[in-house]
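Working notes for the structure below.
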């Protein structure tokens, strides 16, 4: 394969180039004849050039506005166009797809909870407690890219995204500071809930593996969320390892019990 890596000089780019080996071309012109354009530093010029050349495109952006633009701008592209294939986006989207697929009924609400080292964006909501299979967490509602990805494959469900927080020394809530991460997707409806829990270490290494695996498995044409482009469970199995584990839990438990 010929996979163009745009933004190859970044730290993430180094990991991606190493994983791709001889398949990688670092920051080449975007021309017909490439198999995939993998944009670590996405831009409209790179996106449009890939689509015009009918070359498959994916990127590592977790920016909600950018991902929305990509999905709308090239909905009918002749080649695959899949944004948000890095750590920010793909993991929560695939986890949500698994939780919804195995729910066994209509999903009224989807929530994707992030427990990791990431800055809060905007003005966070009021802290609240959320029950996960492995314990309770304080979370605040905030904006993550799953808000635009998940509705594409779980239609009709209200989607929220949160960030786990801890009380600070000044009694305000701050994001966690540690090397590990946890992403939990929660499907709810009819008084029931199901969970998919993903946890691990080293988001850069995991994110690079997501991008490389995605680049080698693009097939369907058009703009898609990751969970529309890939079969969620086999993909999660393929990228799991010592630094990433995932599991699902579908308890027959009433929310008000």
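The values are calculated or read from the model by the stated rules, or taken from the named source; none is laboratory data. As the structure is a prediction and not an experimental result, all values here were calculated from the model. Don't worry about glycine lacking a Cβ; one is built from the backbone with ideal geometry, like all the others, and counts go over all protein chains shown.
For the range 10-31, the candidate set comprises residues that are touching a helix residue (DSSP H, G or I) at 6+ places or on another chain (Cβ under 9 Å) and assigned to a strand (DSSP E or B); within that set, the residue that is farthest from residue 228 (Cα to Cα) is 26. Just so you know, in the range 117-129 the residues that are crowded, with 16+ Cβ neighbours inside 10 Å and closer than 11 Å to residue 162 by Cα include one that is modelled with the highest pLDDT, and it is 127.
Every test in (1) out of contact with any helix residue (DSSP H, G or I) (no Cβ under 6 Å at 6 or more places or on another chain); (2) in contact (Cβ under 8 Å) with a residue 12 or more places away in the chain; (3) over 14 Å from residue 229 (Cα atoms) is passed by residue 45 save one, and that test is (2). Tell me which of these residue 77 doesn't satisfy, since it passes every other one: (1) under 20 Å from the mean Cα position of the chain (by Cα); (2) under 25 Å from residue 147 (Cβ atoms). With (1) under 20 Å from the mean Cα position of the chain (by Cα); (2) under 25 Å from residue 147 (Cβ atoms) applied to residue 77, the lone miss is (1). The numbered conditions (1) closer than 24 Å to residue 160 by Cα; (2) crowded, with 21+ Cβ neighbours inside 10 Å; (3) out of contact with any helix residue (DSSP H, G or I) (no Cβ under 8 Å at 6 or more places or on another chain) are all true for residue 51 except (1).
Condition check for residue 222 on (1) modelled with pLDDT of 90 or more; (2) buried (at least 20 other Cβ atoms within 10 Å of the Cβ); (3) under 29 Å from residue 106 (Cα atoms): one failure, at (2). Applying the criterion of at least 3 residues that are in contact (Cβ under 8 Å) with a residue 40 or more places away in the chain and closer than 14 Å to residue 193 by Cβ to the strands (runs of 3 or more DSSP E) found wholly in the range 104-163 leaves 109-115. In the range 50-64, of all residues being in a helix (DSSP H, G or I) and within 24 Å of the chain's Cα centre (by Cα), the one that is nearest to residue 76 (Cα to Cα) corresponds to 51.
Every residue, every condition in (1) farther than 22 Å from residue 201 by Cβ; (2) buried (at least 16 other Cβ atoms within 10 Å of the Cβ); (3) modelled with pLDDT under 95; (4) within 22 Å of the chain's Cα centre (by Cα), yes or no:
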position: 5; (1), (2), (3), (4): yes, yes, no, yes
position: 19; (1), (2), (3), (4): no, yes, no, yes
position: 26; (1), (2), (3), (4): yes, no, no, no
position: 31; (1), (2), (3), (4): yes, no, yes, no
position: 38; (1), (2), (3), (4): yes, yes, no, yes
position: 42; (1), (2), (3), (4): yes, yes, no, yes
position: 82; (1), (2), (3), (4): yes, yes, no, yes
position: 101; (1), (2), (3), (4): yes, yes, yes, yes
